Amino acid sequence: MNDREKQLEYRTRQLERQMKGVQRQVRVLEARMETAERQQDLRVRNLEIKSAVQSGLSQAKVAEIFDLSAARVSQIVKRA
């Protein structure tokens, strides 16, 4: 193996390591985005629950609609 081939092989390994790092960063960012989207979905759901209770539906009925316990609906209404 001549010097040129060794340099190319070294550079290839270096680029492969860098790509692995970039791919890892992308996975971390994707996970953060998924978490943020899930939190946003929960905020919207909680506002819908609070609105339903404020409009006169019983917490038990709202719990049934959203497939939650009445205690959880009560927590959401108090917190939201």
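The values are calculated or read from the model by the stated rules, or taken from the named source; none is laboratory data. Note that the structure is predicted; figures quoted are calculated from it, not measured. As a convention, Cβ positions derive from the backbone with ideal geometry for all residues, glycine included, and neighbour counts pool all protein chains shown.
Can you tell me which residue among Lys20, Lys78 is modelled with pLDDT of 95 or more and either surrounded by 10 or more Cβ atoms within 10 Å (Cβ to Cβ) or of a type outside the set (S, T, N, Q) (or both)? Residue meeting the stated conditions: Lys20. Taken together, the residues in region 53-64 that are of a type in the set (Gly, Ala, Ser) and surrounded by 10 or more Cβ atoms within 10 Å (Cβ to Cβ) amount to 3. Annotation note: of Val73, Val28, the sole residue that is in contact (Cβ under 8 Å) with a residue 24 or more places away in the chain and β-branched (Val, Ile, Thr) is Val73. The C-beta contact set for region 31-46 (first residue under 23 Å from Ser69 (Cα atoms), second residue at pLDDT below 95 and outside any helix (DSSP H, G or I), distance under 8 angstrom, 6+ apart or interchain) comprises Asn46/Ala80. Taking Lys50 as the residue in question, decide whether it is loosely packed, with under 10 Cβ neighbours inside 10 Å, out of contact with any strand residue (DSSP E or B) (no Cβ under 9 Å at 6 or more places or on another chain) and part of a helix (DSSP H, G or I). Criteria not met by Lys50. Among the residues of region 55-64, those identified as part of a helix (DSSP H, G or I), over 14 Å from Arg79 (Cβ atoms) and not hydrophobic (A, V, I, L, M, F, W, C) are Lys61, Glu64.
Just one of (1) of a type in the set (Val, Ile, Thr); (2) more than 12 Å from the chain's Cα centre (by Cα); (3) surrounded by fewer than 12 Cβ atoms within 10 Å (Cβ to Cβ) fails for Thr35. It is (2). If only residues of region 65-75 that are polar (S, T, N, Q) and either under 20 Å from the mean Cα position of the chain (by Cα) or part of a helix (DSSP H, G or I) (or both) are counted, the one that is surrounded by the most Cβ atoms within 10 Å (Cβ to Cβ) is Ser74.
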